[in-house]
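A.B. asks: The following block contains the structure, expressed as structure tokens.
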Amino acid sequence: MTNTDAYGHVRGESVYLDDIPIIHNTLFACVFDSPVAHGVIRSIDLSEAEKIPGVVRILLAKDIPGENQIGGIVPDEPLLADHHVHFQGMPIALVIAESEEIAHDAAKKIKVVIDPLEIITDPRIAFQKNELIIPPKKFKLGDTDIAFKDCAHVFSGRADVNGQEHLYIETQGAYSVPMEGGGIKIYSSTQGPTAVQRTVARVTGLAMHRVEVEVGRLGGGFGGKEDQANPWAALCALGTLYTGRPVKYSLHRLEDMRMTGKRHPYSADYKIGLDKDLNIIAYEAVFYQNAGAAADLSPAVLERTLFHCTNSYYIPHVTATAYSCRTHLPPNTAFRGFGGPQGMFVIESAITHAAEKLNVSRSVIQRKNLINPGEEFPYGQKAESEAVTTWVQADDQFGLEKIMKDAHDFNAKHADMKRGVAMMPVCFGISFTKTLMNQARALVHVYTDGSVAVSTGAVEMGQGVNTKMLQVVARAFSLSPDKIKVHTTNTLRIANTSPSAASSTADLNGKATLMACEAILDRLKIVAAEELELQSNPDDLKIENGFVFYKNEPTKLDWKTLVNAAFVKRVSLSEHAHYATPGIYFDWATAKGHPFAYHVYGTVIIQVTLDCLRGIYEVDFVKGVHDYGKSMNTLIDLGQIEGGIVQGIGWMTMEEIVYDEKGKLHSNALSNYKIPDIHSVPHAIDIQPLSTNRESLAVFSSKAVGEPPLMYGIGAYFAIRDAVRAFNASASPRYDAPFTHEKVLLSLHDSDIKEKSPKYRSSKA
Amino acid sequence: MLSFILNQETIHTDMPPGMTVLDFIRYHKHLTGTKIGCREGDCGACTILVGEDQGSEMRYRSMTCCLMPLSNAEGKHIVTIEGINPPAGQLTPVQEAMVEENGTQCGFCTVGFVVSLTGFCLNNKEATAEAAISSIDGNICRCTGYKSIERASSKLINLLKSKDGLTPISFAIAQKIVPPWFAGIRERLEEINSSVSTSLEDLPKTKPVIISGGTDLYVQRPEEMVHTVAVNVFNQNNLKEIRDVGSRIEIGASVTVSDLMESPVMNALFPKLKKHLKLVSSTPIRNMATVAGNLVNASPIGDLTVWFLAMKATVVVRNGLKDGKAHEIPLCDFYQGYKKLAKKANEVVEKIYFDKPDHTSRFNFEKVSKRTFLDIATVNTAIHLRVTDHLIIDAHLSAGGVGPVPLYLKNTSSCLKLKRYPFDKETLHEMNHILQSEISPISDVRGSATYKRLLMKQLFLAHFKELFPSS
């Protein structure tokens, strides 16, 4: 079925935060943020700003009645800077004014004097200075010290990968409305309504039951609104608390890009050891995560880097260490893949390094080392692997050998155009690695006209979760979709939710929804048996297409009559169900456990064509086999795959975040931070479903689909590298993503650069 | 007082002419289907259609209304998604294709795509997949990866192939792509325009601000522009002509990039014009951005500026807008320093002209940026040669992004003269040496100086690969 939200989207009738009709008396907020990345605030001068007519109030840290703290995992992040500023873009003051324009004008008139302190932007320097967010984390399997001694080949090197701006097209924002009795209702563009509720409560000092958070939908999230939607909601709430009036803040794009964190950049050292048959025997990696100025979700992101540090491969001896390094950049945060892609980039770099030195195709080493069912990940979980099956099916369907040969032939014929090919297997664990978060609730009401309303903790942000929830209800009750309405996410209806993240939203909330429907169905069947005067087992009854069936024969009892009968008999037509993923656990003391309900696997082949004259490239195709489980909605899942691939390719190619040494963001607008446009996407994307009979734990045996496809994009990096080396065999560019046009051209013509006189050389600003 | 038609409604408003159309429709008319994504014309979430009476019929073009001053709406038909929507419960073929192909995920960019594709259905361009994709080249989507949107577009191609001689508007109405009332818009506009005074006020004496397409002014200083009393030349018909006057071509100041791209005169002289100008921003921006705007903006990487520098164009400026004195400045002398022009504040660009290329002429334009399309150049360059039998008899080379102003590369150009292609290694080496001595790139967000130098050299080579394909 098509996305249920699509009708409103194409007509422009779907309501996003900035579309909510303005309530009379609303005020508008604007943040004044730090122009300096690190320093001590000496003075703040609000006098000029306060003089502007229409400015109602300017709030500072000292005005916060509750706790000036928004750190979720580690309490290390004030909402408004009090004495210190820790990054450029850190909120210092909040202007509340009669109009957005006045609020912006006033913010510009605020003056602050800051004594500068040393600025760190490089995670390795932060590590040297022992600026760590949390103690290091380590995964260990086997014994690498011993294993490396037995390896025929050992290679070590460094890999760097830059961050990524979320660039949800709808910027962050919140709208806070005073409720009677001193409560506050917050409309928020957040993936985590409960996180917003908790943060607002913490900052305002209100109890959580007085803070209602309502989320209609998001114009994109990608992880950027998991925890970083909190500050704007808390700030608006503060404004409401002080003025007793509604306060709205919808961020300008420049504010959003400047003040919010991004995907974590990483720098890593690797050491890989292979035996003479190219089996990877040992792997060591040290990850330096650039966490930014505060913890935010960095510790959890760091963990997932370790969980995915061996990607789809089985390596018997692994030591992986990860440091979350504090720098003076905006706190980096969740982004589709959540640290996993960075871990994978490093192992793929290490494999490429080995392949180039040993003069074999990367794919030979990759194929040889795919994890088999029953083999162990470094964290102790045994794989129910589809790594080999997806690889084999991708190869069978698309013919890797022929693709590589064709590329080779093309390269022989063209002097200035070169093709590169890369395989990219992906293995991604599904569940929040923090076990307690793997729970969800759903509330299902059947009304006496037969229509059904469902609320869950899932937030619709384009991933189609509303449609999937509706499908669960439609399938459970065998009702037509027009009888079912999936409602907004609201903390009064569903409490203590986990954020919509970790690809698990449909899994968790879908299961809870199914449980709620089944509970209602069980009660309805008893009513049906009574109505049909059957002394039978309710299992002989089922509901199909709006009628009750008895032993597979239709009866004349229809859905609406049945529902009314239940109501008359005072049988509950509502259910609030709770689901918690069974069988998962993790023990950080030993760094072993079974953290994931299951893994998603897939393998793609990516080909690029490089214009070696100009140093620009196109992605010809991404073809492969993906493990959907039994897809609940092939249209929606395909959309997640295609969108994920393109987002991953963007991260690996053109998306370049640039901070200078002062911690100032230069890629601060859409004009200088480029995400894929319609001309830069692969000419063809062909992803076939894995054929397998393996059952999955998730709802209706589907598998999560949100994050894994992003990591296919990593293949684009290595395909470009392959093409560069087809032109310039001696090129050995650093493993340093993204592979921008600049890096490509410089790698293609590296000898040219070396010839140049020094005056042509200059370092990047 | 500004008058125009917004969807079905005739608007007479006293709102500031500098206010953006975006703010007017969202916050004053409460039409919230048009979204705000970036406010700098780079995402397309705020795409609207702007219809103009072309004498016999209406012509609609997509524009990003975040950069469009209300004054540019004067006398036009402004169409938002609310003006396209059929009655509740129904969808247009464009909307239906987007729904069926799952061309929408979070939905925030969707309206922009629907409006752009509707504009495509309303124009007279050929119904090809390539043309359909071009119509949405200014719309950014972060969710779908575009493949589903491509599939939706191909569905529309099939529909458009059945056009069968109908005018675009009648066809679109018959196919329910737009509502039936579109048929009456032209007459209504005629009535509005007949009462609008067309006489242009002359420039204020001090610090005049002249606005045309607004695509740069509204990016550089959006807040200030709202309250600036700017003199608007975008709608001046006398500045919109592309004329072939015998030995030379004259291009009016308010000619847009799209006008250039669609001009038969220009296409006849520059066979690769469409391919080259496709590298200049995006369809909605090309629909707004003007020649004079690009020149006067003085960006070191102005695409059109670099183009016209290689054509040795001359700028005609006039003192004021009415009867002031005109004088001419060669474009290569127009830039005196970073953002510093060789014209006085009260001098307004009226037109530019250049000598017509002849049968010996070869022209090429190259541009590389972080993203190939819809991006600002890292380095751009144009070359105009006159060649007889592989002998270069005249050469003009220009480049942007490699100095504080767009450069006419005088020394390299003269060095090229009387050289025969292909060049031997020494000649190439020598020319690159001269080329490198003429440029002074700096490292910035678009690339390091080292890269820009290498890129300049490569694009110089690319010119010759393009101009002498068989060699």
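A.B. asks: Residues in the stretch A:296-322 that are buried (at least 24 other Cβ atoms within 10 Å of the Cβ) and within 22 Å of A:Thr121 (Cβ to Cβ): how many?
C.D. replies: Residues in the stretch A:296-322 being buried (at least 24 other Cβ atoms within 10 Å of the Cβ) and within 22 Å of A:Thr121 (Cβ to Cβ): 7 in total.
A.B. asks: Condition first: more than 9 Å from every other protein chain (Cβ to nearest Cβ) and either touching a residue at least 40 places away in the same chain (Cβ under 8 Å) or assigned to a helix (DSSP H, G or I) (or both). Now tell me which residues in the stretch B:435-451 satisfy that.
C.D. replies: B:Leu435, B:Ser437, B:Glu438, B:Ile439
A.B. asks: A further question on this structure: Answer with yes or no whether B:Gly138 is surrounded by fewer than 24 Cβ atoms within 10 Å (Cβ to Cβ), part of a loop (DSSP other than H, G, I, E, B) and either more than 10 Å from chain A (Cβ to nearest Cβ) or touching a residue at least 12 places away in the same chain (Cβ under 8 Å) (or both).
C.D. replies: It is false that B:Gly138 is surrounded by fewer than 24 Cβ atoms within 10 Å (Cβ to Cβ), part of a loop (DSSP other than H, G, I, E, B) and either more than 10 Å from chain A (Cβ to nearest Cβ) or touching a residue at least 12 places away in the same chain (Cβ under 8 Å) (or both).
A.B. asks: Going through the stretch A:487-525 one residue at a time, which ones are in a helix (DSSP H, G or I) and in contact with a Pro (Cβ under 6 Å, 6 or more places away or on another chain)?
C.D. replies: Within the stretch A:487-525, just A:Lys525 meets the criteria.
A.B. asks: Select the strands (runs of 3 or more DSSP E) contained entirely in the stretch A:590-656, then report the ones holding at least 1 residues which are within 11 Å of chain B (Cβ to nearest Cβ). Can you show your working first?
C.D. replies: Working: elements: A:592-594, A:598-611, A:616-626.
Correct list: A:598-611, A:616-626.
A.B. asks: Now for a different question. Please go through the stretch A:110-138 and give me each residue that is in a strand (DSSP E or B) and in contact with an Asp or Glu (Cβ under 9 Å, 6 or more places away or on another chain), ordered by number.
C.D. replies: A:Lys111, A:Val112, A:Val113, A:Lys137
A.B. asks: Given the conditions (1) within 26 Å of A:Lys357 (Cβ to Cβ); (2) in a strand (DSSP E or B); (3) out of contact with any helix residue (DSSP H, G or I) (no Cβ under 9 Å at 6 or more places or on another chain); (4) not basic (Lys, Arg), report the number of the one that A:Cys151 does not fulfil.
C.D. replies: With (1) within 26 Å of A:Lys357 (Cβ to Cβ); (2) in a strand (DSSP E or B); (3) out of contact with any helix residue (DSSP H, G or I) (no Cβ under 9 Å at 6 or more places or on another chain); (4) not basic (Lys, Arg) applied to A:Cys151, the lone miss is (2).
A.B. asks: Go over the candidates A:Ile92, A:Ile20, A:Ile52 one by one and state the one that is under 29 Å from the mean Cα position of the chain (by Cα) and within 14 Å of another protein chain (Cβ to nearest Cβ).
C.D. replies: That would be A:Ile20, the only listed residue that is under 29 Å from the mean Cα position of the chain (by Cα) and within 14 Å of another protein chain (Cβ to nearest Cβ).
A.B. asks: Tally up the residues in the stretch B:12-47 that are crowded, with 20+ Cβ neighbours inside 10 Å and under 19 Å from B:Ser195 (Cα atoms), please.
C.D. replies: Of the residues in the stretch B:12-47, 1 are crowded, with 20+ Cβ neighbours inside 10 Å and under 19 Å from B:Ser195 (Cα atoms).
A.B. asks: Still on this structure: Restricting the search to the stretch B:363-404, which residues are of a type in the set (A, V, I, L, M, F, W, C) and away from chain A (no Cβ under 13 Å)?
C.D. replies: Within the stretch B:363-404, B:Phe363, B:Ala382, B:Ile383, B:Leu385, B:Val387, B:Leu391, B:Ile392, B:Ile393, B:Ala395, B:Leu397, B:Ala399 qualify.
A.B. asks: All but one of (1) in contact (Cβ under 8 Å) with a residue 60 or more places away in the chain; (2) farther than 24 Å from A:Lys664 by Cβ hold for A:Ser43, so report the exception by its number.
C.D. replies: Of the numbered conditions (1) in contact (Cβ under 8 Å) with a residue 60 or more places away in the chain; (2) farther than 24 Å from A:Lys664 by Cβ, the odd one out for A:Ser43 is (2).
A.B. asks: Picking from B:Glu201, B:Glu191, B:Glu130, B:Glu126, which residue would you name as being within 30 Å of B:Phe234 (Cα to Cα), at pLDDT below 95 and within 14 Å of chain A (Cβ to nearest Cβ)?
C.D. replies: Step by step, each of B:Glu201, B:Glu191, B:Glu130, B:Glu126 is checked, and only B:Glu130 is within 30 Å of B:Phe234 (Cα to Cα), at pLDDT below 95 and within 14 Å of chain A (Cβ to nearest Cβ).
A.B. asks: For B:Thr104, which of the numbered conditions (1) more than 7 Å from chain A (Cβ to nearest Cβ); (2) buried (at least 24 other Cβ atoms within 10 Å of the Cβ); (3) not in a strand (DSSP E or B) fails to hold?
C.D. replies: So B:Thr104 meets the others, but not (1).
A.B. asks: Limited to the stretch B:22-69, what total is found for residues that are part of a helix (DSSP H, G or I), away from chain A (no Cβ under 11 Å) and under 20 Å from the mean Cα position of the chain (by Cα)?
C.D. replies: Summing the residues that are part of a helix (DSSP H, G or I), away from chain A (no Cβ under 11 Å) and under 20 Å from the mean Cα position of the chain (by Cα) in the stretch B:22-69 gives 3.
A.B. asks: Let me ask something additional. Of these, B:Lys425, B:Lys457, which one is more than 26 Å from B:Lys356 (Cα to Cα) and crowded, with 17+ Cβ neighbours inside 10 Å?
C.D. replies: Sole residue among the options that is more than 26 Å from B:Lys356 (Cα to Cα) and crowded, with 17+ Cβ neighbours inside 10 Å: B:Lys457.
A.B. asks: Based on this model, can you work out whether B:Leu407 counts as within 10 Å of chain A (Cβ to nearest Cβ) and buried (at least 21 other Cβ atoms within 10 Å of the Cβ)?
C.D. replies: no
A.B. asks: Another question, if that's okay. Checking the condition surrounded by fewer than 24 Cβ atoms within 10 Å (Cβ to Cβ), modelled with pLDDT of 95 or more and among the aromatic types (Phe, Trp, Tyr), which residue from A:Phe428, A:Phe410 passes?
C.D. replies: Residue meeting the stated conditions: A:Phe410.
A.B. asks: Follow-up. Which condition does A:His83 not pass, out of (1) crowded, with 17+ Cβ neighbours inside 10 Å; (2) closer than 20 Å to A:Pro330 by Cα, if it passes all the others?
C.D. replies: (1)
A.B. asks: Just to be sure I understand, how many residues within the stretch A:657-686 are in contact with a helix residue (DSSP H, G or I) (Cβ under 9 Å, 6 or more places away or on another chain) and facing chain B (nearest Cβ under 7 Å)?
C.D. replies: Adding up the residues that qualify gives 11.
A.B. asks: Going through the stretch B:70-83 one residue at a time, which ones are under 20 Å from the mean Cα position of the chain (by Cα) and among the acidic types (Asp, Glu)?
C.D. replies: Hit for the stretch B:70-83 is B:Glu74, nothing else.
The values are calculated or read from the model by the stated rules, or taken from the named source; none is laboratory data. The structure presented is a predicted model; accordingly, all values stated were derived computationally and were not measured. Using ideal geometry, Cβ is built from the backbone for each residue, glycine included, and neighbour counts are taken over all protein chains shown.
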